[in-house]
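Some notes on the structure that comes next.
The values are calculated or read from the model by the stated rules, or taken from the named source; none is laboratory data. Bear in mind the structure is a predicted one, so any value in this text is a computation, not a measurement. Cβ: placed from backbone, ideal geometry, glycine included. Neighbour counts: every protein chain shown.
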Amino acid sequence: MSLFNNTLAQIEKAASLIGLNEDVLHILSEPQRKVEVSIPVRMDDGSLRLFEGFRVQHNNVCGPYKGGFRYHTQVDMEEVKALSAWMTIKCAVVGIPLGGAKGGVVVNPKELSEGEIERLTRNYVRLLEPVIGPDMDIPAPDVNTNAKIMDWFADEYSKLKGKDMKGVVTGKSLENGGSKGRSAATAQGGVYILDEFLREKDIKPEETTIVVQGFGNAGETAARLLTEEGYKVVGVSDSQGGIVCAHAVNPEEISSCKTDKSSVVHCGDPADCRRVTNEDLLELECDVLVLAAMENQLTKENAPLVKAKYILELANGPITPEADETLKQKNICIIPDILANAGGVTVSYFEMLQNADNNYLSEEEINEKLKEIMVTAWQEVKTNAEKYECTLREAAYATALGRLEEKLSEL
Ligand code: GLU
């Protein structure tokens, strides 16, 4: 089953639960626009390479298309379609006036020099120029893309338009019109929800062990924020493998060690920690498993072996629909991606507003506004879970589809 079909399966499940209008389901079952580009890049050795790139605009009934773009070898049209649909749903879960889009380029950025990545980014912008813009489609960071890349993106688009158009992209550096709190926002939003979720169950941070899969922007920040709140992060991983420790790790130490030694597998106190494979990490005994890597990590093969009590999905689509079913039967409660990681796009929305007004908020103000949106969405999702006696994922879809149905009925 393709990733986009996974997304449709999730949408259809919730659609039948709430009796969604068939036309609405039909509209959401295909993106509104799919763009495929071939990006020429002059490499440092003088050769010319072509990279395959995509931008998919799923739906804009709630507002301009919005969503990140990633640089990864696994990118293809089906993946980008799925990720774009999740953006439409995600923005509707938290009720921000934005639609859904996603982009990606098939490339391993670790094999490119900084200059090559800059030229790739600038040429990607040139090819997307007709379909993006501050009121049309606003890209942002995603897997392997960051503030520096967003700054090049904004600069290239502004050059093409002959004026300052920084609002074309979010997730920029602070010097170039980014928002305070944006780089931590995906993790911060998820942490706000996890806090509420565990507080309602009367579970204290000090009693909670956490394993984090993925030590990119979301995973690393989540590990740090959770540790600051007193949670015990006892396992972390990256693409090369992971470590599990008898005592809580210090995420900041792991971060600087990873920068030095290229992977978390070489980090942590050897007397306290042992190395595990990525497969083993997912099966560790812990209270909360945070999935912050890529899609399709828990499948029908390994879901029966999961021992965590709760799962927080910071990545997009880390659990397949079959695995979801298995985890439901095992009574493992999942805080779903479309709610848990919506903090990133929410602060992107704040960045858009700040760019438009040329008025910038403090980190405290941003986090306060973010918390309010996340907690409100959490309460709505929980209410729907009780109303429809369903999982949090189904309830989050129900919340989003309800909003989209209202907007689409105006068509
Ligand atoms: N890439 C992030 C996501 O998947 C953020 C998107 C955005 O800020 O537009 O939600």
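Residues considered: 15, 92, 9. Of these, the only one that is within 16 Å of the ligand (Cβ to nearest atom) and among the small types (Gly, Ala, Ser) is 92.
Apart from one condition, residue 408 fits all of (1) out of contact with any Cys (no Cβ under 7 Å at 6 or more places or on another chain); (2) at pLDDT 95 or above; the exception is (2).
Applying a threshold of 6 Å to beta carbon distances and a minimum spacing of six or more residues, or different chains, the list of pairs starting in the range 344-361 at a residue that is over 16 Å from residue 147 (Cα atoms) and ending at one that is away from the ligand (no atom under 16 Å from the Cβ) reads 354/360. Residue check: is residue 128 out of contact with any Gly (no Cβ under 8 Å at 6 or more places or on another chain), of a type outside the set (D, E, K, R), away from the ligand (no atom under 12 Å from the Cβ) and modelled with pLDDT of 95 or more? In short, no.
Quick one: in the range 99-115, of everything that is surrounded by 18 or more Cβ atoms within 10 Å (Cβ to Cβ) and more than 16 Å from the ligand (Cβ to nearest atom), which residue is nearest to residue 71 (Cα to Cα)? By that ranking, first place goes to 107. In the range 318-411, counting only helices (runs of 4 or more DSSP H) that sit wholly within it, the ones holding 2 or more residues that are away from the ligand (no atom under 16 Å from the Cβ) span 321-329, 363-388, 392-408. Candidates 56, 24, 35: the one that is crowded, with 18+ Cβ neighbours inside 10 Å, more than 16 Å from the ligand (Cβ to nearest atom) and under 15 Å from residue 99 (Cα atoms) is 24.
Determine, yes or no, whether residue 151 is more than 27 Å from residue 228 (Cα to Cα), within 16 Å of the ligand (Cβ to nearest atom) and charged (D, E, K, R). The answer is yes for residue 151. The listed residues are 178, 167, 216, 189, and the only one of them that is under 21 Å from the mean Cα position of the chain (by Cα), within 16 Å of the ligand (Cβ to nearest atom), at negative phi and modelled with pLDDT under 95 turns out to be 216. Take residue 133 and tell me if it is more than 13 Å from the ligand (Cβ to nearest atom), surrounded by fewer than 18 Cβ atoms within 10 Å (Cβ to Cβ), closer than 30 Å to residue 403 by Cα and within 19 Å of the chain's Cα centre (by Cα). No, not satisfied. Among the criteria (1) among the basic types (Lys, Arg); (2) surrounded by fewer than 24 Cβ atoms within 10 Å (Cβ to Cβ); (3) within 16 Å of the ligand (Cβ to nearest atom), the one residue 49 does not fulfil is (3). Among the residues making up the range 273-306, those that are in a loop (DSSP other than H, G, I, E, B) and under 20 Å from residue 226 (Cα atoms) are 284, 285, 286, 287, 292, 293.
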